[in-house]
Structure formats: C-alpha cells, structure tokens
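As structure tokens, the structure follows; a few thoughts come after it.
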Amino acid sequence: MKILKELDAKLVIVDLEVNLGKEVRSAPTLCAKYNGKIIPLNTAHDGRPILMKEENTIG
C-alpha cells in the first residue's frame, strides 16, 4: 500500500435513519464530511465498511 495524497476530510458522527424493510431504525454512524457532503463509512444494515466515494453521499 502507498498513500497517493492526503484528503481534507472531517470525521463526524451522525444520527442516521434507515428503512430496513418495513422497519425504520436510527443509530449513531461514523461518516466523513468531504466537500460539504456526508459520506457514511459503513453500511447501515450490517456495519461492513464501504468506500469513501462521493457517489455514496447522503441527501
């Protein structure tokens, strides 16, 4: 592995609400704030890590 460049991002914890089938749940979730957008760093249903890509932003 090697670092290509350092990004100017901020780690935030948000209270994230998700629909899981017929249920609505919310939980504190670790996210990155990058270019004014919030990007979750793990999946809501099972906690697996996801890539910090702008395509994964919320809202």
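The values are calculated or read from the model by the stated rules, or taken from the named source; none is laboratory data. Predicted model, so just to flag it, every value in this text is computed and none were measured. We place every Cβ from the backbone using ideal geometry, glycine too, and count neighbours over all the protein chains shown. For accessibility, only protein heavy atoms count, side chains too; no ligands or nucleic acids. Shrake-Rupley method; radii C 1.70, N 1.55, O 1.52, S 1.80 Å.
Does ILE58 count as assigned to a strand (DSSP E or B), touching a residue at least 24 places away in the same chain (Cβ under 8 Å) and not aromatic (Phe, Trp, Tyr)?
No, not satisfied.
State all residues of the stretch 5-14 that are open to solvent by 50 Å² or more (accessible area, probe 1.4 Å) and either of a type in the set (Ser, Thr, Tyr) or within 11 Å of the chain's Cα centre (by Cα) (or both); if no residue qualifies, say none.
LEU11, ILE13, listed by residue number.
Somewhere in the stretch 33-54, is a residue acidic (Asp, Glu), in a loop (DSSP other than H, G, I, E, B) and open to solvent by 100 Å² or more (accessible area, probe 1.4 Å)?
no
State the number of residues belonging to the stretch 19-32 that are closer than 24 Å to LEU7 by Cα and either among the β-branched types (Val, Ile, Thr) or exposed (fewer than 10 other Cβ atoms within 10 Å of the Cβ) (or both).
Looking only at that region, the number is 2.
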